[in-house]
Amino acid sequence: LSVCMAVSTNSMYPTILSGSVIDIQKKDLYKVGDVVVVSQPSGFLVHRIVNINKDIVITKGDNNQREDECSFVENIKGKVLSVKGTNRDINDFYNFWHRLACTHRWINCRCCYYIPFNISQKDLSDI
């Protein structure tokens, strides 16, 4: 069973834009790189898993510079399977930006999750 919900911020830009409708599904296992919906006291958070250690998970928005507070894996409501109205695979899109960032050394490659806003067509053609 999958569920749809709307995203209200650009914290996952450029992967998911504010106002996008995402399709999520509960999974038995989650891994680093999965985009998930996490239940928090303030509401739901749609971010990417950057670290898992047993039952603790750390997430981060692709457009955020800092990681989120630790959460329990049991607070994950599901994995984002797709963004409605697009044909792109969430993980393929992430892998493209990850490779682009590491190629141009815009970030500390220990983490490789921060993507700058000032990417030009020339930068993309160099890959």
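Brief remarks on what is shown
- Apportionment of accessible area to carbon and sulfur, the range 1-60, percent (1.4 Å): 56
- Here each label is just a point 7 Å from Cα along the line to Cβ, and for residue 84 and residue 23 those points are 1.1 nm apart.
- For the range 1-91, Kirkwood radius (reciprocal of mean inverse C-alpha pair distance, Å): 13.0
- Heavy-atom surface of the range 22-77, accessible at 1.4 Å and reported per residue (Å²): 58
- Full-extension gain in nm, residue 75 to residue 56, via 0.36 nm per residue minus C-alpha separation: 5.9 nm
The values are calculated or read from the model by the stated rules, or taken from the named source; none is laboratory data. Because the structure is predicted, anything quoted here is derived from the model rather than measured. Heads up, the Cβs are rebuilt from the backbone with ideal geometry, glycines too, and the neighbour counts pull from every protein chain shown. Please note that ligands, DNA and RNA were not included when accessible areas were found on the heavy atoms of the full protein model with its side chains. Shrake-Rupley method; radii C 1.70, N 1.55, O 1.52, S 1.80 Å.
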